[in-house]
1. On the basis of being at negative phi, at pLDDT 85 or above, in a loop (DSSP other than H, G, I, E, B) and exposed (fewer than 14 other Cβ atoms within 10 Å of the Cβ), does A29 make the cut?
2. Scan the range 68-83 residue by residue and report those that are at pLDDT 80 or above and under 21 Å from the mean Cα position of the chain (by Cα).
3. So which pairs qualify, if the first residue must be in the range 38-57 and under 12 Å from R5 (Cα atoms), the second must be of a type in the set (S, T, Y), the Cβ gap must be under 8 Å, and the two must be at least 6 apart or on different chains?
4. Give the residue, chosen from A23, A48, A54, that is assigned to a helix (DSSP H, G or I), modelled with pLDDT of 85 or more and closer than 30 Å to A73 by Cα.
5. Which one of these is at pLDDT below 85, open to solvent by less than 80 Å² (accessible area, probe 1.4 Å) and assigned to a helix (DSSP H, G or I): T65, T17?
Amino acid sequence: EKNLRRDGLATIGGVLTSVLITALFWNKAPLVDLILGGSGIGTITGVASAVAMAWNEPPGAMDSTDTREKEAAVKAGIVKPGE
């Protein structure tokens, strides 16, 4: 779940920042450079915020969610028991 959260925040940050950077600096640089630069900055920001949130969680905070997800995956036949 931590990887999913990190990827989600990175994607959201990349999309929002690419739109924001493009809107702010519309006439200052080529459009492709604005979109790629903004998405890079947003992706880095999203990953950094996910890492910061992971550092602030108490140890074992995600264990119950992970256990429930694993049990649901076993019931659905996605993974074998014990994996």
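The values are calculated or read from the model by the stated rules, or taken from the named source; none is laboratory data. Given the structure is predicted, the values throughout are model-derived calculations rather than measurements. Here the Cβ positions follow ideal geometry from the backbone for every residue, glycine too, while neighbour counts run over all protein chains shown. Only protein heavy atoms, including side chains, enter the accessible area calculation; ligands, DNA and RNA are left aside. Shrake-Rupley method; radii C 1.70, N 1.55, O 1.52, S 1.80 Å.
1. So A29 fits the description; yes.
2. Result: no residue meets the conditions.
3. G46/T11
4. Answer to the check: A48.
5. T65
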